[in-house]
Every structure is written in C-alpha cells, then in structure tokens.
Amino acid sequence: MTTPVLTREQITQLTPEQRLTLIEALWDSLEQDDLPVTPAQAAELDRRMETFEEDAASAEPWDVVRKRIERNLP
C-alpha cells in the first residue's frame with residue numbers, strides 16, 4: 001500500500017486545528033531511536049539529571065509549575 005503524501009499546498013489549506021492534529025500524529029509516530037541526541041544535548045541532560053538528583057525533594061510537578069506560570073501571565 002502506498003502512503004498518501006500531502007503537498008505543501010494541501011497542508012496550507014488545512015485549518016490550524018487540522019495542521020496541529022497532523023503535527024501531533026507525526027510526532028507521536030516517532031520512536032525514541034528516531035530522535036538522535038547530540039553529545040552536547042546528552043551532556044546537558046546528564047547535567048540536569050544530576051541537579052535534579054541532588055535536590056529531588058524541591059522538584060515540583062509540571063502541572064503545579066504550569067499553573068504558577070499561567071497565573072503570572074498578563
């Protein structure tokens with residue numbers, strides 16, 4: 001079976017909501033091995049994990065942080 005391919009023109013004719021749905025479907029279709037990490041990114045991830053592990057008790061869940069950010073938006 002041939003996978004249909006959307007042209008740029010077809011994509012731009014989609015509504016913003018349809019394009020976001022397409023983006024989400026494309027993103028969700030990727031596997032971890034499809035997303036290479038550069039050595040610099042790996043080093044930064046390691047640094048952040050070490051920082052987290054040093055003070056995990058002060059970490060906050062994303063939903064708490066997001067609500068705080070949203071409260072401070074104009």
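Observations, loosely collected:
- Candidates T2, L73, S29 compared by Cα position along the dipole of the chain: farthest toward the positive end lies L73, with charges placed on Cβ.
- Computed from backbone phi, the HN-Hα couplings of segment 26-40 come to 5, 4, 5, 7, 7, 9, 4, 5, 7, 10, x, 10, 6, x, 5 Hz, rounded to whole numbers (Karplus: 6.51 cos²θ - 1.76 cosθ + 1.60, θ = phi - 60°; Gly and Pro given as x).
- Rg then Dmax, both in Å and based on the Cα atoms of the chain: 19.2, 52.
- If only the Cβ of Lys and Arg carry +1 and only the Cβ of Asp and Glu carry -1, the dipole of the chain around its Cα centre is close to 480 debye.
Just so you know, all these numbers are worked out from the coordinates, no wet-lab data involved. The model shown is predicted, which means the values in this text are computed figures rather than measured ones. Cβ coordinates were reconstructed from backbone atoms using ideal geometry, including for glycine residues, and neighbour counts include every protein chain displayed.
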